[in-house]
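What follows is one structure encoded as structure tokens, with my remarks underneath.
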Amino acid sequence: MPKLIVDGTEVEVEDGITLLQACEEAGAEIPRFCYHDRLSIAGNCRMCLVEVKGAPKPQASCALSVNDLRPGPNGEPPEVLTGSAQVKKAREGVMEFLLINHPLDCPICDQGGECDLQDQAMAYGIDKNRYAENKRAVEDKYIGPLVKTIMTRCIHCTRCVRFTTEVAGIHELGAIGRGEDMEITTYLEKSMSSELQGNVIDLCPVGALTSRPYAFSARPWELRKTESIDVMDALGSATRIDSRGREVMRVMPRLNEDVNEEWISDKARFIWDGLRSQRLDRPYVRENGALREASWAEAFEVIAERVKASDPSRMAAIAGDLSAVEDMFALKDLMDALGVKSIDCRQDGSALGEAGGRAGYLFNAGLAGVEDADAILLVGTNPRLEAAVLNARIRKTWLRTRLPIGVIGEQADLTYDYDYLGAGAETLSEVASGKHKFAQVLKRAERPMIIVGQGALNRGDGRAVLAQVVSAAQASGAIGENWNGFCVLHDAAARVGGLDICFLPRLEGGRNVGEILQGASAGDIDVVYLLGADEIDMKKFGSAFVIYQGSHGDAGAHRADVILPGAAFSEKSGTYVNTEGRVQLARRAVFPPGDAREDWAILRALSAVLGHTLPYNTLEQLRAALREECPHLAATDEKPDATTSELGDLAGAPKRARAAGFTSPVDDYYLTNAITRASKVMAECSALRTAGQSEEGTGTDG
């Protein structure tokens, strides 16, 4: 391993790392604008200059490998200085050049207070300008409803270009012109199509790219910052919710190498306006076909009257895709106390959780395990729409290793090359039996991975499809002692948590979601309790009495006979379990509006009115009961090692599946749940995608 002396301290570093990284390992702080750990090296800004003993001039530390440094005349380790007078003068010169054309409009810039250029100007800026020429002005570009451009501020670091090309996998952002005429643009000024484009806002070291929805809304020092997670998909990306008063102002990414690295999807970043719109802030009761406001006591009495008039066999409960584990656990306890056996957390109708143990419904290799795979088969999933951050990790692995990727299902643009094998179960059967040529690719791989999505499992024959996938995994060696490449990709944040606490139909007399809808339509179900469940066909409830508990006035609230206003994920402390089985905590950033309350507290209050008081009065008591029943939920932010011994039960199931092709459960990426459907920003993005392209020049910067 190379050795070098940094500011008088000898350090030993890894082979191949950059001099900038080596200096930071030694404790030196190196300023930079263009360099980023996850992007290719450009060497544009020259702010990272350091002095290397023996070199004729300061060196750009981001573009120089430690292996390229020459030892001293007597074999001494190379010596590097990061704070010498020569280095300081060089960096001051670079800063002076960067500020020649910068507009210096910090008071009105949304990046103010979080700007790398501001920070470095404090250390290396000068108090006068030696250039008398007029500053260059650049016309702002319209690149969509999410990212606002003020291109006169751009310092041409090209971080945004490298991110969209390398990580997001789209070739829509680049540079035109040379020298003084260089500009960053989308060429035709179309809206960018990536589901990850909002990350360029964080990457931009100046105020050239900022959040359009957040523009002129707040300053960073005004905001209260709360660590949380994203519930817009099942990855559980680490986020930070910034709030002011009772309003969420923005959502930012946090670093979590095992889940989302430092990226988040656009849906996670920009749905905050949906947390304010279409909110349920007081109870409602339906009378004479119309909903009217009611008190909590009145709403509870109406529910109690209908529940007591019904039989447990004629009642059911369905948990939605955004429900926290505590809320589902409280509802499950209440239904158990009432004797109700028809409960389900699988709104999409999949057969997961009925056999195979925990390994039968988890992303067993882990999200970071994608980088260890050397062959991937995607079955019934479009990860670009269902889990955009995971798709970026697959692309990252593909760029590095060019591993073979096969797809069974929809033929879509996934941002990387793949072999399209077929549309449905017939092709999957050939792979499982070893007849398909891609089966040999999987067998030759040391760590093959098979990712099955809900598009293959939420059908009537989903159980048979799951059996074929497990058979293919076993035949290819994807399931072994040191590697479990059988991975289920969920698209709902609440799904794994619901399966973990067994929020499923009881064996004797219990009905799943499909059977509940059939029973309600036929008049066999009298009362249905919906805990934030909106992604089902409400017309099938017939004349059943529907209780809807949720945060937004979406499909469930429109059908409900009684509405109980609950809290959104940002307004309560809740546990979620991501698709790989990692237990994560979402913390309360703001309080619910009006009379809305946390969901578990509503269920606790209702249980007292129904005569079956739940045995916990605080969230801590509820979590204690939850962890006593499911001990693994006490270990937060750890990837579990699910046993594979029960997977054979899945493979032994009937394997006859219908020939229809697999389709992704996500029709519209921007409108997948009640919060996104309440967001004006998401509605605008959806309209642009539906239209196929944006109208040129329609963007405004006001």
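The values are calculated or read from the model by the stated rules, or taken from the named source; none is laboratory data. Owing to the predicted nature of the structure, the values given are computational and were not obtained by experimental measurement. FYI the Cβ positions are ideal-geometry reconstructions off the backbone, even for glycines, and counts take in every protein chain you see. When the accessible area is computed, the model is the full protein with side chains, heavy atoms only, and any ligands, DNA or RNA have been set aside. Shrake-Rupley method; radii C 1.70, N 1.55, O 1.52, S 1.80 Å.
One table, with the values for the structure above:
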item	result
Relative contact order of the chain, defined on C-alpha pairs under 8 angstrom at six or more residues apart (%)	15
Distance from region 147-170 to region 506-561 (C-alpha centre basis), Å	46
Region 208-219 - phi-based ³J(HN,Hα) in whole Hz, Karplus 6.51/-1.76/1.60, Gly and Pro as x	6, 10, 10, 6, 5, x, 8, 3, 6, 9, 7, 9
Relative contact order (percent, whole number), region 161-247, Cα cutoff 8 Å, 6+ residue spacing	16
Helix-derived mean residue ellipticity, 222 nm - over the chain, DSSP H n ≥ 4, -39500 (n - 2.57), to 500	-7500 deg cm²/dmol
Region 462-545: GluC sites (Glu not before Pro) in DSSP coil with no more than 12 other Cβ atoms inside 10 Å	GLU481, GLU508
Selection of trypsin sites (Lys or Arg not before Pro), region 406-469, meeting DSSP coil and at most 15 other Cβ within 10 Å	LYS435
Cα shape, region 33-88, gyration tensor, a/c 1.5 rule	oblate
From phi via Karplus (6.51, -1.76, 1.60), per-residue ³J(HN,Hα) for region 500-509 in Hz, x at Gly/Pro	4, 8, 6, 7, 9, x, 5, 4, 9, x
Alpha-carbon centroid distance for the pair region 334-348 / region 264-296, whole angstrom	24
Cβ-derived FRET efficiency at R0 22 Å, ALA309 paired with ALA608, nearest 0.05	0.70
Estimated FRET transfer efficiency when R0 is 30 angstrom, pair ASN617-HIS558 (beta carbons, to 0.05)	0.35
Å² of accessible area per residue within region 140-236, as computed with a 1.4 Å probe and no ligands counted	33
Relative contact order (%) - criterion: Cα under 8 Å, at least six apart; region: region 66-155	27
Cα centroid separation - region 629-672 against region 97-111, whole Å	50
Proximal aspartates and glutamates relative to LYS267, as straight alpha-carbon distance under 17 Å, when same-chain residues fewer than 8 apart are discounted	GLU195, ASP202, ASP230, ASP233, ASP242, ASP321, GLU386, ASP491, ASP667, ASP668, GLU684
In region 68-220, lysine pairs closer than 27 Å at Cα, eight or more apart or cross-chain	7
Expected-Rg normalisation [2.2 N^0.38 Å, Cα atoms] applied to the chain	1.05
Counting DSSP beta bridges with both ends in the chain, the antiparallel % (nearest 5)	55
Global geometry of region 457-571, whether rounded, prolate or oblate, following the gyration tensor of its Cα atoms and the 1.5 cut on a/c	prolate
Distance cut-off 20 Å, percentage of C-alpha pairs in region 410-499 lying past it	38
Portion, in percent, of the accessible area of region 257-305 that falls on carbon or sulfur, probe 1.4 Å	42
Whole-angstrom Cα spans of region 240-383 along principal axes, big to small	60, 45, 24
Amide H partners (placed H, <5 Å) of LEU280, local residues excluded	HIS552, GLY553
Shape of region 165-218, Cα gyration tensor, a/c cut at 1.5	oblate
Gained length - ASP595 relative to ASP419, 0.36 nm times residue gap less alpha-carbon distance	58.0 nm
